[in-house]
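The block underneath contains the structure these notes are about, expressed in structure tokens.
The values are calculated or read from the model by the stated rules, or taken from the named source; none is laboratory data. Given the structure is predicted, the values throughout are model-derived calculations rather than measurements. Cβ: placed from backbone, ideal geometry, glycine included. Neighbour counts: every protein chain shown. Side chains included, ligands, DNA and RNA excluded: accessible areas come from the protein's heavy atoms. Shrake-Rupley method; radii C 1.70, N 1.55, O 1.52, S 1.80 Å.
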Amino acid sequence: MLEIVDDADALAQTLADTVAAEIGNAIATRGHCALALAGGSTPKTAYALLAATPLREGVDWSKVRFFFGDERCVGPDDPQSNYKMAYEALLGPLRIPAEQIFRMRGEDEPANAARDYAALLRSQLGAKPVLDLMMLGMGPDGHTASLFPGSDPLEDDDSLVRAPYVAKFSAYRLTLTPRVINSSRLVAIAAAGSEKAEALAAALEGPRDPLRCPVQIVAPVRGRLLWLVDRAAASGLRKT
Ligand code: 6PG
């Protein structure tokens with residue numbers, strides 16, 4: 001499903017409303033919610049809306065476990081850390097207890113951090129982890145989480161977490177694999193701004209080529225996929 005909203009502010013509000021509703025659905029249905037947070041800047045405003053009235057009061061946050069879709073290989077206090085961004089915008093203001101937050105340890109050796117996070121996912125969610133809600137963004141190059149163009153998407157990879165070396169940043173990253181992402185009950189990809197227009201058009205209307213456009217890997221096996229974009233990001237689409 002593709003939802004186009006007017007601008008970045010409308011996107012943030014729609015994303016926040018969607019996340020709050022999906023958490024509520026998960027809790028009503030299964031008694032709890034496993035939510036994977038996205039990094040980058042797009043979700044930041046939505047996180048702040050979730051941590052503020054009225055959305056804050058509408059969710060039983062005690063039933064939510066917070067995971068991460070990807071992380072930079074830095075410590076939790078580093079300005080680059082996705083955890084730091086999410087903590088400052090959402091987890092801290094909501095006073096989420098540490099035992100409900102499952103951080104990727106970007107400060108550890110990447111391969112070890114990936115292995116440890118996979119073990120954590122299995123311990124929390126079982127051998128075949130299913131997230132209730134997977135939040136993702138998309139870069140101007142079509143990357144999502146930390147699945148970047150040029151690095152083998154390994155779609156049939158059985159691993160749950162990977163530590164790819166990303167040449168464009170000359171740095172390692174930690175990322176959930178397509179297997180985990182596509183096992184989610186709902187994947188919400190949010191993209192705003194004209195700088196995303198080319199990648200969005202390629203993703204939705206171009207030939208399937210996940211090596212070049214990794215976000216095309218996102219195809220939930222049994223779950224739902226929701227694209228939330230603003231008009232600027234959708235400006236390259238032929239069909240809207
Ligand atoms: C990250 C994110 C990444 C992000 C996109 C979009 O670690 O940077 O996980 O996948 O979602 O790069 O980033 P913006 O929202 O800042 O455009």
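Couple of notes before you dig in:
- Segment 166-207: number of residues that are in a strand (DSSP E or B) and within 15 Å of the ligand (Cβ to nearest atom): 12
- Applying the criterion of being open to solvent by less than 20 Å² (accessible area, probe 1.4 Å) and in a loop (DSSP other than H, G, I, E, B) to the residues of segment 144-163, the residue that is farthest from Arg179 (Cα to Cα) is Phe148.
- Reported count of residues in segment 94-113, each being open to solvent by 10 Å² or more (accessible area, probe 1.4 Å) and either outside any loop (DSSP other than H, G, I, E, B) or of a type in the set (S, T, N, Q) (or both), is 7.
- Verdict on Lys128 being at pLDDT below 95 and either in a strand (DSSP E or B) or among the charged types (D, E, K, R) (or both): no
- Exactly one residue among Arg179, Arg222, Arg185 is farther than 30 Å from Asn112 by Cβ and open to solvent by 10 Å² or more (accessible area, probe 1.4 Å), and that residue is Arg222.
- Output for segment 202-223, where each listed residue is more than 11 Å from Met138 (Cβ to Cβ) and more than 14 Å from the chain's Cα centre (by Cα): Glu205, Gly206, Pro207, Arg208, Asp209, Pro210, Leu211, Arg212, Val221, Arg222, Gly223
- Residue among Ala48, Ala34 that alone is surrounded by 18 or more Cβ atoms within 10 Å (Cβ to Cβ), small (Gly, Ala, Ser) and in contact (Cβ under 8 Å) with a residue 40 or more places away in the chain: Ala34
- Taken across segment 17-25, residues that are touching a Lys or Arg at 6+ places or on another chain (Cβ under 9 Å) and either among the β-branched types (Val, Ile, Thr) or not in a helix (DSSP H, G or I) (or both) do occur, with at least one present.
- Answer from Ala38, Ala8, Ala52 - the residue that is farther than 26 Å from Ala98 by Cβ and either small (Gly, Ala, Ser) or at pLDDT below 95 (or both): Ala8
- Whichever residue in segment 73-93 is open to solvent by 50 Å² or more (accessible area, probe 1.4 Å) and under 18 Å from the mean Cα position of the chain (by Cα) and, among such residues, is nearest to the ligand (Cβ to nearest atom): Gln80
- Qualifying residue in segment 131-143 (condition: more than 12 Å from the ligand (Cβ to nearest atom) and either among the charged types (D, E, K, R) or open to solvent by 50 Å² or more (accessible area, probe 1.4 Å) (or both)): yes
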